[in-house]
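A.B. asks: Right, I'll just put the structure down here and ask away after.
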DNA sequence: CCGTGGGGTGTAAGCGCTTACAGGGTTGCC
DNA sequence: GGCAACCCTGTAAGCGCTTACACCCCACGG
């Protein structure tokens with residue numbers, strides 16, 4: 001047989017078509033809508049595909065079909081155990097559904113997040129996953145105008161936010177934990193919050209604590225909130241600041257587990273007994289929470305489930321060309337461990 | 001002026017060209033090679049771009065230019081603190097260079113990694129970041145045939161592996177730490193290794209320990225290696241298994257910090273004094289290492305630097321259409337903390 | 001036995017961009 | 001003053017795929 005020397009570079013649809021003796025349209029249909037092609041033809045085409053090791057060029061496919069099978073996600077940071085598990089599950093589930101994950105991080109900076117949104121949109125992401133509701137109007141308009149299905153995760157807004165979401169009610173969850181703390185007899189509370197500017201999750205958590213404090217008729221002076229950046233060290237420093245006050249709190253509630261572990265370490269260095277002299281709580285229930293001593297009282301969040309379902313929701317929205325979908329509220333639960341005890345004396 | 005009603009959907013190159021009164025080629029040049037266009041023209045075009053809020057369609061651009069400005073990375077898991085920091089730095093640096101990160105995870109499964117490599121290649125990734133050297137020939141051939149610049153990170157192979165790499169010599173690093181342990185008088189060593197099948201990093205680390213043990217003329221029986229999956233719990237279980245042996249080791253070296261922290265916790269539960277009764281070491285120096293009590297003796301790896309430089313190397317390879325580049329060995333150092341002490345008795 | 005309908009396949013026109021090549025206007029130098 | 005050289009811009013041909021539409025053929029019913 002004449003040695004049709006294989007052309008350089010990866011083979012294209014046309015090569016497959018020639019080898020199988022059909023038109024490119026048929027090959028395309030075999031790949032995208034197999035049931036619209038006669039079984040016999042399909043077999044022949046598939047053999048050609050296998051023989052050539054053909055894989056479609058995604059750029060061309062995306063251009064022609066106006067769909068990239070790509071989902072973009074913008075998270076504050078990948079370094080953070082808080083997002084890692086959820087995003088891992090999200091990516092796995094996207095893979096299941098033949099989507100690929102394009103990822104960017106905003107470093108908790110609103111301006112950078114906006115830039116990343118525009119980048120991922122320009123890259124043709126079929127859908128976008130964002131964290132939290134807080135966002136400029138300009139960004140929301142952009143998303144709407146470009147018809148990009150967008151889902152918010154790690155937050156659930158019962159008040160009907162503009163974008164659909166999957167997550168939990170941060171305020172309610174934190175209020176529940178705060179009531180638990182108050183029930184332990186604590187009447188002077190300290191709060192170490194993540195920075196609330198542009199971070200609705202942090203804001204809502206603090207609001208939850210304030211709500212519970214108000215219910216319990218705590219004096220305003222008996223609830224001190226300090227804000228700090230994300231990190232162990234910053235959490236430790238914030239804790240010290242709280243404890244250095246004239247009338248230090250008997251319980252310090254932290255906006256997340258990382259801050260709480262920082263506080264816990266600072267307490268150790270200061271020689272404070274936990275929970276004997278001061279109680280500490282976190283939020284998220286990352287793996288670390290059970291590794292510290294004493295183990296951390298915190299709020300458990302079903303991160304993997306959230307990631308997995310977020311993927312399904314987003315793929316559904318993309319498939320049906322819907323910009324919206326029903327939001328999902330996930331249950332969270334208070335996990336009582338060693339760092340919360342009765343108020344001293 | 002006649003209200004040229006704006007067309008639906010995002011504007012295209014042609015719209016910009018029309019508005020600026022130039023050809024599409026000129027607009028394209030303004031965007032990709034500004035210095036090949038008269039400043040006056042450029043200004044006019046840029047104004048049109050701004051006015052229309054034009055952003056190029058990446059699929060079309062990728063198709064025409066045969067470049068996607070996308071880099072793919074396949075890591076064992078994102079859940080793992082070990083990769084999180086490096087990948088975060090990698091992504092930030094890619095962003096700096098106008099590349100976007102396409103990410104997938106292999107869950108430490110070789111077959112899945114291969115599938116992901118093919119997927120990301122089909123997506124047109126300009127370059128690929130992989131972890132570790134171990135890989136089927138078939139995969140290496142594929143990468144070479146497709147001319148996809150590929151960089152291996154988290155490993156450095158002095159023996160001139162097929163793919164360029166950035167990382168450290170796992171065997172040498174672990175040997176150094178093992179010598180330190182032996183210098184503390186330990187003569188019965190236990191090793192908790194990550195699974196070595198398809199994981200050259202894990203294999204090299206164990207090899208390093210064996211090398212140091214041989215140098216110190218340790219009896220074969222005095223070095224016991226157990227393998228286990230990645231995780232705190234599995235690390236704890238492996239540690240228990242080692243300590244339940246007739247002549248338990250006086251020092252347990254773990255393949256990574258996560259396993260070591262698991263071991264540390266198991267030791268606590270077993271009532272073993274650390275390092276009084278048994279010493280424990282890790283590898284990676286993740287944040288957690290300093291948070292446990294006592295803090296973990298381990299090997300510090302410059303994760304952020306590795307991620308950043310990996311991005312630069314890969315972008316360089318892509319820009320120059322090189323499949324190879326000089327490998328870079330990063331320095332690692334033993335960090336002596338509380339979990340390593342003199343051998344008991 | 002012919003008209004109808006419908007399923008399978010082919011033809012060809014894009015999708016929005018890049019870029020080789022050509023063309024025209026300047027400039028500089030002889 | 002004329003010619004070469006150069007710089008800037010435009011023309012148009014793809015990049016590899018999807019898909020609307022046309023076409024053909026066969027089964028079926030009247």
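Just so it is clear, none of the values below were taken in a lab; they were calculated from the coordinates. All values derive from a computational prediction rather than experimental measurement. With ideal geometry, Cβ positions are generated from the backbone for all residues, glycine too; neighbour counts draw on all protein chains shown.
A.B. asks: Any chance you could tell me what percent of the C-alpha pair distances in the range B:170-233 go past 13 Å?
C.D. replies: Counting every Cα pair in the range B:170-233, those more than 13 Å apart make up 60 percent.
A.B. asks: To continue, here is another question. According to a simple spin-label model (label point 7 Å from Cα along Cα-to-Cβ), what is the distance in nm between residue A:40 and residue B:247?
C.D. replies: Each label point is offset 7 Å from its Cα along the Cβ direction, giving 7.6 nm.
A.B. asks: Quick one: what do you get for the protein assembly as shown if you divide its Cα Rg by 2.2 N^0.38 Å?
C.D. replies: Cα-based Rg divided by the globular estimate yields 1.07.
A.B. asks: Also: Could you pull the Rg and Dmax for the range B:97-170, using just the Cα atoms, both in Å?
C.D. replies: Values for the range B:97-170 (Cα only, Rg and Dmax): 12.1, 33 Å.
A.B. asks: Could you state the principal axis extents of the C-alpha atoms in chain A, from the largest down, to the nearest angstrom?
C.D. replies: 94, 38, 32
A.B. asks: Any idea what Rg and Dmax come out to for the range B:50-100 if you just take the C-alpha atoms, in Å?
C.D. replies: Reported Rg and Dmax, both Å: 14.9, 45.
A.B. asks: Oh, and also: State, to one decimal in nm and shortest first, how far the label point of residue A:221 sits from each corresponding label point in the other identical copies (label point: 7 angstrom along Cα-to-Cβ).
C.D. replies: Output for residue A:221: 7.3 nm, nearest copy listed first.
A.B. asks: Fewest to most neighbouring Cβ within 10 Å: what's the order for A:290, A:100? Each step should come with its number before you reach the end.
C.D. replies: Details: A:290 16, A:100 25.
The fewest-first ordering by Cβ neighbours comes to A:290, A:100.
A.B. asks: Additional query: With the crude spin-label approximation of a point 7 Å out along Cα→Cβ, what separation in nm comes out for residue A:144 versus residue A:229?
C.D. replies: For the pair residue A:144/residue A:229, the computed spacing is 3.5 nm.
A.B. asks: Which three semi-axes in whole Å describe the equivalent ellipsoid of the range A:120-204, each the square root of 5 times a Cα gyration tensor eigenvalue, listed largest first? Kindly include the intermediate steps, with their values, before the conclusion.
C.D. replies: Working: eigenvalues 225, 30, 18 Å².
Here the semi-axes work out to 34, 12, 10 Å.
A.B. asks: Also: Only bridges whose two residues both fall in chain B count here: according to DSSP, what percent of them are antiparallel, nearest 5?
C.D. replies: DSSP beta bridges in chain B are roughly 10 percent antiparallel.
A.B. asks: Additional query: Take the Cβ-Cβ distance between residue A:214 and residue A:98 as r, set R0 to 56 Å, and report the resulting FRET efficiency rounded to the nearest 0.05.
C.D. replies: After rounding to 0.05, the efficiency reads 0.65.
A.B. asks: A further question on this structure: If you fit an axis through the alpha-carbon atoms of helix B:110-122 and take the longest principal axis of the Cα set of chain B, what angle between them do you get, 0 to 90°, nearest 10?
C.D. replies: Here the helix axis deviates by roughly 10 degrees.
A.B. asks: I'd like the mean, over residues of B:286-294, of how many other protein chain beta carbons sit within 10 Å of each residue's own Cβ.
C.D. replies: On the way: counts 0, 8, 7, 0, 2, 9, 4, 4, 0.
Rounded to a whole number, the mean comes out at 4.
A.B. asks: From Cα pairs below 8 angstrom and at least 6 apart in sequence, can you work out the relative contact order of the range B:68-146, rounded to a whole percent?
C.D. replies: Computed value for the range B:68-146: 45 percent relative contact order.
A.B. asks: If you line up the long axis of helix B:303-319 against the longest principal axis of chain B, both from Cα atoms, how many degrees apart are they, to the nearest 10?
C.D. replies: Once rounded, one gets 40 degrees.
A.B. asks: What angle do you read, to the nearest 10 degrees and between 0 and 90, between the alpha-carbon axis of helix B:81-96 and the longest principal axis of chain B?
C.D. replies: Tilt relative to chain B: about 20 degrees.
A.B. asks: A further question on this structure: Throw me the Rg/Rh for the range A:1-147, computed over C-alpha atoms with Kirkwood Rh, two decimals.
C.D. replies: 1.13
A.B. asks: Give me the tail of P(r) for the range A:184-321 as a percent: Cα-Cα pairs with distance above 19 Å.
C.D. replies: Of all Cα-Cα pairs in the range A:184-321, 53 percent lie more than 19 Å apart.
A.B. asks: So what's the convex hull volume per residue for the Cα atoms of the range A:25-110, in Å³? Could you put the intermediate results ahead of the total?
C.D. replies: On the way: hull volume 11.1 nm³, N = 86.
Convex hull volume per residue, Cα atoms: 129 Å³.
A.B. asks: With a 10 Å Cβ neighbour count serving as the proxy for reagent exposure, in which order, fewest first, do A:300, B:303 appear?
C.D. replies: Going from sparsest to densest Cβ surroundings: A:300, B:303.
A.B. asks: For the residues B:145, A:312, what sequence is obtained by ranking on other C-beta atoms within 10 Å, fewest first?
C.D. replies: B:145, A:312
A.B. asks: Moving on. Calculate the length of the line joining the C-alpha centroid of the range B:215-293 to that of the range B:30-57, in whole Å.
C.D. replies: 61 Å
A.B. asks: Okay, moving on. What percent does the relative contact order of chain B come to when contacts are Cα pairs within less than 8 Å and at least six residues apart?
C.D. replies: 17 percent
A.B. asks: Right, here's the next one. Sorted from shortest, what are the nm distances separating the label point of residue A:276 from equivalent points in the other copies, each placed 7 Å from Cα along Cα to C-beta?
C.D. replies: Relative to the other copies, residue A:276 has label-point distances of 1.8 nm.
A.B. asks: Considering only the protein assembly as shown, what is the antiparallel percent among its DSSP beta bridges, to the nearest 5?
C.D. replies: DSSP beta bridges in the protein assembly as shown are roughly 10 percent antiparallel.
A.B. asks: Ok, one more. Rounded if a/c is under 1.5, else prolate if a/b is larger than b/c, else oblate: which is the range A:251-293, with a ≥ b ≥ c the root eigenvalues of its Cα gyration tensor?
C.D. replies: prolate
A.B. asks: Go ahead and run the numbers for FRET between residue A:221 and residue A:162, Cβ-Cβ distance against an R0 of 41 Å, rounding to 0.05.
C.D. replies: 0.65
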